[in-house]
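Please read the structure below before turning to the comments.
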Amino acid sequence: MNYTRKQIDTLLTFLEPINAYDREETVGELCEKFDLESRASLRELLDRSFFLDPWYSNTAIPVKRTMASTLLTAMTDPAFNFEWLTQDADGTFALPAGVGTGRSRVIYEEIYRAVYDHWNDELQKTDLKLPQPEELDIPPRRSHLGDNAVQEERDQR
């Protein structure tokens with residue numbers, strides 16, 4: 001993959017609050033309150049630990065723009081390997097226990113949806129136009145099929 005170290009670090013920043021590397025116990029306590037296999041629960045965790053946390057939510061607009069732009073680039077790159085990002089890209093990052101293998105793309109889909117929901121209005125003022133999540137083949141938030149069925153349906157396409 002042709003991504004810079006800065007771009008990789010930017011993408012991992014979204015997951016920093018749930019980075020279990022050398023913090024297995026504290027991150028584990030936080031994450032055990034959520035079903036990390038559920039999109040809705042994962043989104044709630046991301047909102048609480050990143051998007052609504054004062055440390056991250058007060059991020060300057062230019063930084064949010066860089067983060068969102070980097071995320072959009074990865075989301076629209078069919079060759080981008082999200083599993084590599086969350087498992088092998090950095091020696092100081094680890095997903096918490098309970099996050100199943102093969103879920104890294106789903107995690108970043110929910111991050112994108114959260115970026116869109118929380119930052120889109122601010123980002124539009126900087127002329128960064130984010131496509132709606134559905135335009136990136138991210139399933140609608142409330143699918144009657146459930147998480148697993150939506151993923152299976154997408155895998156069949």
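The values are calculated or read from the model by the stated rules, or taken from the named source; none is laboratory data. Only a predicted model underlies this, so the values are computations on that prediction, with no experimental measurement involved. Cβ atoms come from the backbone with ideal geometry, glycine included; neighbour counts cover every protein chain shown.
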Inspect region 142-154 for any residue being part of a loop (DSSP other than H, G, I, E, B), modelled with pLDDT of 50 or more and farther than 22 Å from Met67 by Cα and give the result as yes or no. yes
Exactly one of (1) at pLDDT 90 or above; (2) among the aromatic types (Phe, Trp, Tyr); (3) more than 23 Å from Pro133 (Cα to Cα) is unmet by Tyr116. Its number? (3)
Looking at this structure, is Phe93 part of a loop (DSSP other than H, G, I, E, B), modelled with pLDDT of 75 or more and within 17 Å of the chain's Cα centre (by Cα)? no
Checking Ala79 against (1) part of a loop (DSSP other than H, G, I, E, B); (2) at pLDDT below 90: exactly one of these is not met. Which one? (2)
Note: among Arg105, Arg43, Arg39, just one is among the basic types (Lys, Arg), under 16 Å from Tyr3 (Cβ atoms) and either modelled with pLDDT of 90 or more or in contact with a helix residue (DSSP H, G or I) (Cβ under 6 Å, 6 or more places away or on another chain) (or both), namely Arg105
